[in-house]
Amino acid sequence: MADTKIVSEVAGSVWKILVEVGDQVSANTPVALIESMKMEVPVLASDDGLVVEIYLAVGDSIAEGQAVLAIRD
Amino acid sequence: MAFEEKLADLARRKSRALAMGGEEKLARRRAEGHLNARERIEQLLDPGSFLESGLFATSHRPEDCDRTPADGKIAGYGKIEGRPVALVSNDFTVMGASSSVVNGKKIRHMREVATRSGMPLIFLGESAGARMPDRMGAAGRAILGQDPAEYQRLRQSPWVSALLGPCYGSSTWYACMSDYVVMRKGALLAVASSRVTSMAINQPVDAEELGGWKLHAETTGLTDLVVNTDEEALAAIRRFLGYLPTNHNEAPPRRPVPEGAGKSADRILEIVPDNPAKVYDVRKVIEAVADPGSMLELKARFGKSISIVLARLDGSSVGVIANNPLFKGGAIDVDACAKATGFLVFCDSFNIPVVFLVDQPGFLIGLDGERRGAPGKIINWMNALSLVTVPKISVVMRKSYGQAYLNMGGGRNSDEVVCWPSADLGFMAPAVGANVLQGGKKSDAPGRHQQVAEEISRDTSAWGLASLYEAQTVIDPRETRDCLVSLLAVYRSRHGSEVGKHLLSGWPTSY
């Protein structure tokens with residue numbers, strides 16, 4: 001029951017969040033889109049899991065390595 | 001019978017050596033699901049092709065003679081798909097395959113024969129490091145460093161390593177000199193074991209954190225592939241060598257073109273979005289362009305904004321360096337720079353033509369990159385690129401911005417530049433450029449911003465480049481495979497052999 005934080009690989013601003021708390025996600029699927037370098041860069045889930053918490057909202061700025069949400073396996 | 005006693009003695013000695021470190025240790029390995037050093041050789045090589053060198057070698061210390069069959073490192077020659085190789089398979093059941101005087105001689109002999117005869121060298125790694133007390137005191141020092149070429153790598157033939165257990169000492173060093181490194185989950189690669197490290201720095205150290213597969217696949221990039229079992233690792237070595245010549249003076253082997261080649265060309269228009277803000281996985285493009293089933297990605301978890309892939313086009317090996325917008329929008333970070341540079345060195349050393357697939361918004365700028373020496377990595381790459389003598393073809397699919405335009409083969413840094421009509425060769429994204437030139441954000445002066453952005457995007461098209469003959473052609477993306485096959489045929493050398501000059505043969509193996 002370990003929580004895994006799903007982090008953005010790039011700095012930018014949150015463009016879209018594609019999941020809600022309670023959603024089941026699978027590894028390598030996009031959970032959010034970050035606007036960075038004028039592109040929509042996806043944040044991919046690193047593992048399968050259930051979304052337990054979302055830390056950011058659309059429009060928030062995000063740093064490289066910052067967590068967007070947490071999933072629980 | 002003549003020789004009767006001597007032959008019986010030979011048989012007895014042989015069977016003792018083949019028993020390795022004894023049934024108890026072998027059984028433990030079997031229970032853990034790992035192959036032993038001899039089973040690994042059997043799985044790796046063509047059946048019946050192993051010719052052992054040094055079966056009767058043992059430790060030179062009288063007290064260790066009887067418990068060191070093959071002195072813990074099994075060496076010899078064999079064949080993979082009918083082509084010769086030399087190999088060293090570490091036998092962890094014999095004193096942890098620790099490094100000694102005699103087994104050091106075996107490694108050296110394999111290295112020298114592989115180089116002289118021109119065949120790949122394979123290390124099946126699992127070793128504890130220096131053997132004690134052999135390496136203690138001045139006498140221990142005196143057995144080290146007797147071969148000044150021990151760590152010299154001139155890439156005369158391919159070297160491959162598998163990390164199949166704890167790897168310290170020779171298994172670590174040879175992996176770091178190899179062209180291809182496969183790591184089995186659970187294996188460890190580090191300068192010293194977690195036990196030794198923990199004692200040295202007086203704090204607990206987790207073995208996986210210190211040298212596990214995640215570290216080397218994702219952070220150091222010292223491994224090319226991670227697998228779950230010994231069997232998968234050995235199959236991966238066979239597959240990898242199939243793309244390579246047996247040595248640097250040969251062209252890579254050609255394979256029959258599989259059925260269905262070129263049938264996926266139309267898919268490219270579905271894979272790559274028209275809208276430059278949308279991302280995609282470039283590996284799907286490579287799959288659509290290459291011979292079916294011929295893609296072998298290296299370092300897939302490291303520096304992911306560039307994909308490096310061995311593949312075949314019309315039966316011939318090519319090395320593909322492709323920006324992958326799926327990760328970091330394709331922005332090239334420090335890891336991706338090191339990955340691309342290493343792959344250029346590798347392809348050039350073994351006569352494999354290079355194809356760039358370009359879609360990148362520039363180098364990833366930021367504090368982290370600068371702290372890690374990004375400018376140095378960028379110029380390392382350019383230096384390597386300028387020394388490449390195999391054919392280089394650059395296909396600009398969408399963006400190619402900034403200085404990275406040169407790194408991805410722009411200008412005369414490729415033999416041919418091919419553009420898709422979607423190519424965009426600006427210095428940076430027009431809207432960002434307008435911000436920079438105006439010293440502010442869009443909202444400061446919206447009308448002016450639009451005008452500047454339009455000025456910046458003028459003449460950054462494929463047509464602008466083609467009219468100046470900086471791109472030699474503009475093609476329908478669906479023609480990419482045919483175009484590459486035709487161009488590679490044009491550049492295939494007719495001067496006797498398809499062999500480059502290997503100006504990168506002494507390039508550092510890790511940097």
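Quick grid of which residues meet (1) in the same structural domain as B:V285 (by TED's automatic domain parsing); (2) of a type in the set (K, R); (3) under 30 Å from B:R254 (Cβ atoms):
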residue	(1), (2), (3)
B:L387	yes, no, yes
B:K392	yes, yes, yes
B:Y405	yes, no, no
B:N413	yes, no, yes
B:Q472	yes, no, yes
B:I475	yes, no, yes
B:E479	yes, no, yes
B:D482	yes, no, yes
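Quick one: how many residues across region A:33-58 are in a strand (DSSP E or B), within 13 Å of chain B (Cβ to nearest Cβ) and crowded, with 19+ Cβ neighbours inside 10 Å?
Adding up the residues that qualify gives 9.
Checking the condition in contact with an Asp or Glu (Cβ under 8 Å, 6 or more places away or on another chain) and modelled with pLDDT of 95 or more, which residue from A:I17, A:I71, A:I34 passes? Spell out the reasoning first.
Working: A:I17 fails: in contact with an Asp or Glu (Cβ under 8 Å, 6 or more places away or on another chain); A:I34 fails: modelled with pLDDT of 95 or more.
Every option except A:I71 fails the conditions.
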I'd like to know if region B:281-297 contains one or more residues that are within 12 Å of another protein chain (Cβ to nearest Cβ), surrounded by fewer than 21 Cβ atoms within 10 Å (Cβ to Cβ), part of a loop (DSSP other than H, G, I, E, B) and free of Cβ contacts under 8 Å to residues at least 40 places away in the same chain. no
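Among the candidates B:A86, B:A75, B:A8, which residue alone is part of a helix (DSSP H, G or I), hydrophobic (A, V, I, L, M, F, W, C) and modelled with pLDDT of 95 or more?
Working: B:A86 fails: part of a helix (DSSP H, G or I); B:A75 fails: part of a helix (DSSP H, G or I).
Within the list B:A86, B:A75, B:A8, the selection yields B:A8.
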I'd like to check something: does region B:85-100 contain any residue that is over 15 Å from B:Y168 (Cα atoms), surrounded by fewer than 22 Cβ atoms within 10 Å (Cβ to Cβ) and aliphatic (A, V, I, L, M)? no
Qualifying residue in region B:467-486 (condition: modelled with pLDDT under 95 and in a helix (DSSP H, G or I)): yes
Going through region A:8-20 one residue at a time, which ones are within 16 Å of A:A67 (Cβ to Cβ), in contact (Cβ under 8 Å) with a residue 40 or more places away in the chain and surrounded by fewer than 17 Cβ atoms within 10 Å (Cβ to Cβ)? A:S13
Selected residue (criterion: farthest from the other protein chains (Cβ to nearest Cβ)) from residues of region B:378-400 that are crowded, with 23+ Cβ neighbours inside 10 Å and either among the hydroxyl-bearing types (S, T, Y) or closer than 23 Å to A:E64 by Cα (or both): B:S394
Check region B:334-353 and report whether any residue there is free of Cβ contacts under 8 Å to residues at least 60 places away in the same chain, closer than 28 Å to A:P42 by Cβ, within 13 Å of chain A (Cβ to nearest Cβ) and under 18 Å from the mean Cα position of the chain (by Cα). yes
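Mind listing whichever residues of region A:1-31 are more than 13 Å from every other protein chain (Cβ to nearest Cβ) and under 8 Å from the mean Cα position of the chain (by Cα)? Steps first, answer last, please.
Quick first cut of region A:1-31, residues more than 13 Å from every other protein chain (Cβ to nearest Cβ) only: A:1-6, A:14, A:17-26, A:31.
Hits for region A:1-31 are A:I6, A:I17, A:V31.
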Among the candidates B:G54, B:G48, B:G33, residue that is under 20 Å from B:P84 (Cα atoms) and exposed (fewer than 12 other Cβ atoms within 10 Å of the Cβ): B:G48
Taking region B:236-276 and keeping only residues that are outside any loop (DSSP other than H, G, I, E, B) and touching a residue at least 24 places away in the same chain (Cβ under 8 Å), one is left with B:A236, B:I237, B:R238, B:R239, B:F240, B:L241, B:A265, B:D266, B:I268, B:L269
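So that you can scan it fast, the table gives a plain yes or no per residue for (1) hydroxyl-bearing (S, T, Y); (2) within 14 Å of another protein chain (Cβ to nearest Cβ):
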| site | (1), (2) |
| --- | --- |
| B:H216 | no, no |
| B:G221 | no, no |
| B:D224 | no, no |
| B:P252 | no, no |
| B:E259 | no, no |
| B:A300 | no, yes |
| B:S305 | yes, yes |
| B:S317 | yes, no |
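The values are calculated or read from the model by the stated rules, or taken from the named source; none is laboratory data. Just so it is clear, the structure is predicted and the values come from calculations on it, not from any experiment. Reconstructed Cβ throughout: ideal geometry from the backbone, glycine too, with neighbour counts over all protein chains shown.
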